[in-house]
Amino acid sequence: MMAARRQSIGGPLSAGSASLFDMSATSGPAAAQMEAEGKKTSWPVFLFLVLLFLPWVIYVGPMRLSLYRFVLLATIIPCLVTWIRGGAGRRRLPDFAILLFAFWAALGLIVVHGFAVAAESVGIGLIETVGAYFLARCYIRSADDFRNAVRLLFLMVVFLTPFAVIEFVTGRNVLREALGLILPTFDLPTSSRSGLTRVASVFEHPILFGVFAGNMVGLAHLVLGHGQGMVSRTLKSGTAVAMAAMSLSAGPIGAMAAQVLLLVWNSLLRQVRVRWYILIGLLIGVFGLIDLVANRSALTIVTSFFLFDNSSYWYRRFIWEFGSATALNHPFFGIGLNDWERPAWMPTASLDNFWLFQAVRSGLAAPFLLLLAMLSIVLPVSFRKSVDSKVDEYRTAFVISMAYFFFTGWTVHFWGNVYVLFLFLMGAGVWMLDAGDVDGAGSNATFAPVKQFGASTDSRRGAPSTNLASLDWQARTNIRDASLQMKFSFHRTNGATGKNDQGKGDENC
């Protein structure tokens, strides 16, 4: 019975009555307690994350589909049904914000272009946004789930490393060439800086490769490196640093450098509970001092350290000025798929700002809703009380990851597989809001805050202190105690009424 239960939780492809996408087994504290160790990555998550790194392009009529979209297409309805039924935990503000963001973006495209023209973009947008987020909401429900997903992503980094080095040095993308012999892939011209090739690997642009690799720095160091020595941690995060650097993209490299500084700060002041408040105070003070004494803004000075070309800064500044003007001229539904308004001397149609892109394309409500979803997860996670060292480090890694996407998004635009990875990781952090609420679940606590079988809790930390073996023992003890109390109740009642039902009461007990 227990083995069958564990199989159902570990992956939706379990035998028996559980269907392919039945996630009801993951709900409730008992499931979390049974799944304390050795949990495997569920098949939908495994397929989704692996297929993110296959650059094959499949056309279905006029629609261009990537392989990961097939997984999202197959799981979006079951995941939404599971979420509605409560199988993914408490329905929270970020869930509704994501749904509203997807709805608003779809509505804007329909208003601007009409349904016939916008249908394809609307469908893909809904699948990528809602599908990726709710896939994580339904399947990443514990510390083990989170670690398994991070491990799989890091394995992809390790796998891509030798091919990235070859591309960086020779300019040949041998991996995409090999995959192109099986199925068509996208065509991307080679770009270089300072005589070195900007690595794109299996992504559509070097920027996307840099964003993905740079995001793995904190996750590899804190999640995969938990409980390991500094050398092992540094090797993992250092691999991600080297990979991101080979993209030669200023935005991801700058945000990655900020990640490294945050990790160093976290390591040096690990014993100081208010270390993040101290850091925020120092940053506010430094930026204020720079603004007072320098002839340039603090943001301009800091940004200049991470740019390969000063002209890149000015061009991004013009993108912000004219792009924000376009967004303000079309505040409700944006311009849709149309070209944004800019001078003729700015021929490049690219909007190198993820948040501005959302406002220009879908109206001012779009970035607001997306930021609302992210912040309504990140801020509560940041201020949650300590559960244990493992969950605390996972929370820190998640917050750093989201901060990385937030700041990188102001300097570059990310789309395709990196966009859905961003939504997936955002949904993958919601379980942290409930970690520690379930007694007996330890660091694998899920969403149901129900006390189970009298399990004891450390009142100081809010951390459960039981495991499955002790849970079974306590359950038997409580049943025995309940039986004794029932027997005592029968004796006392019979004595008061003068009826001799003692034997019947003993039998029932």
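Examine the stretch 99-118 for a residue that is buried (at least 23 other Cβ atoms within 10 Å of the Cβ), under 22 Å from Tyr419 (Cα atoms) and without any contact (Cβ under 8 Å) to a residue 40 or more places away in the chain, and state whether such a residue exists. Yes, the conditions are met somewhere in the stretch 99-118.
Within the stretch 67-82, if we keep just the residues that are surrounded by fewer than 21 Cβ atoms within 10 Å (Cβ to Cβ) and not aliphatic (A, V, I, L, M), the residue that is farthest from Ala327 (Cα to Cα) turns out to be Pro78. Among the residues of the stretch 141-155, those that are part of a helix (DSSP H, G or I) and in contact (Cβ under 8 Å) with a residue 40 or more places away in the chain comprise Ala143, Asp144, Asp145, Phe146, Arg147, Asn148, Ala149, Val150, Arg151, Leu152, Leu153, Phe154. Residues in the stretch 137-161 that are of a type in the set (Lys, Arg) and open to solvent by less than 10 Å² (accessible area, probe 1.4 Å): Arg137, Arg141. Tell me whether the stretch 47-55 contains one or more residues that are at pLDDT below 70 and either open to solvent by 20 Å² or more (accessible area, probe 1.4 Å) or in contact with a strand residue (DSSP E or B) (Cβ under 6 Å, 6 or more places away or on another chain) (or both). Checked the stretch 47-55: no residue is at pLDDT below 70 and either open to solvent by 20 Å² or more (accessible area, probe 1.4 Å) or in contact with a strand residue (DSSP E or B) (Cβ under 6 Å, 6 or more places away or on another chain) (or both). For the stretch 162-211, give me each residue that is outside any loop (DSSP other than H, G, I, E, B), hydrophobic (A, V, I, L, M, F, W, C), surrounded by 14 or more Cβ atoms within 10 Å (Cβ to Cβ) and without any contact (Cβ under 8 Å) to a residue 60 or more places away in the chain. Selection gives Phe163, Ile166, Leu175, Phe209.
Can you pull out every residue in the stretch 163-176 that is farther than 21 Å from Ser194 by Cα and either out of contact with any strand residue (DSSP E or B) (no Cβ under 7 Å at 6 or more places or on another chain) or hydroxyl-bearing (Ser, Thr, Tyr) (or both)? Val174, Leu175 - these are the residues of the stretch 163-176 that are farther than 21 Å from Ser194 by Cα and either out of contact with any strand residue (DSSP E or B) (no Cβ under 7 Å at 6 or more places or on another chain) or hydroxyl-bearing (Ser, Thr, Tyr) (or both). For the stretch 243-270, residues that are over 22 Å from the mean Cα position of the chain (by Cα) and over 14 Å from Asn215 (Cβ atoms) total 9.
The single residue among Ala327, Ala349 that is hydrophobic (A, V, I, L, M, F, W, C), more than 16 Å from Thr129 (Cα to Cα), modelled with pLDDT under 95 and buried (at least 16 other Cβ atoms within 10 Å of the Cβ) turns out to be Ala327. All of (1) buried (at least 24 other Cβ atoms within 10 Å of the Cβ); (2) touching a Leu at 6+ places or on another chain (Cβ under 9 Å); (3) at pLDDT 90 or above hold for Ala403 with one exception: (1). Out of curiosity, is Leu224 within 19 Å of the chain's Cα centre (by Cα), surrounded by fewer than 24 Cβ atoms within 10 Å (Cβ to Cβ) and among the aliphatic types (A, V, I, L, M)? For Leu224, the condition - within 19 Å of the chain's Cα centre (by Cα), surrounded by fewer than 24 Cβ atoms within 10 Å (Cβ to Cβ) and among the aliphatic types (A, V, I, L, M) - is met. Candidates are the residues of the stretch 257-304 that are part of a helix (DSSP H, G or I), modelled with pLDDT of 75 or more and of a type outside the set (A, V, I, L, M, F, W, C); the one that is most open to solvent (accessible area, probe 1.4 Å) is Tyr277.
Take residues that are aliphatic (A, V, I, L, M) and closer than 18 Å to Gly336 by Cβ and tell me which of the helices (runs of 4 or more DSSP H) falling wholly in the stretch 31-140 contain 3 or more. Answer list for the stretch 31-140: 93-113, 115-139. When the stretch 196-209 is filtered for residues that are more than 16 Å from Ile166 (Cβ to Cβ) and not charged (D, E, K, R), the ones remaining, listed by number, are His205, Ile207, Leu208.
The values are calculated or read from the model by the stated rules, or taken from the named source; none is laboratory data. Model, not experiment: these values are computed from the prediction. Backbone-built Cβ (ideal geometry, glycine too); neighbour counts: all protein chains shown. Calculation scope for accessible area: heavy atoms of the full protein, side chains included, ligands and nucleic acids excluded. Shrake-Rupley method; radii C 1.70, N 1.55, O 1.52, S 1.80 Å.
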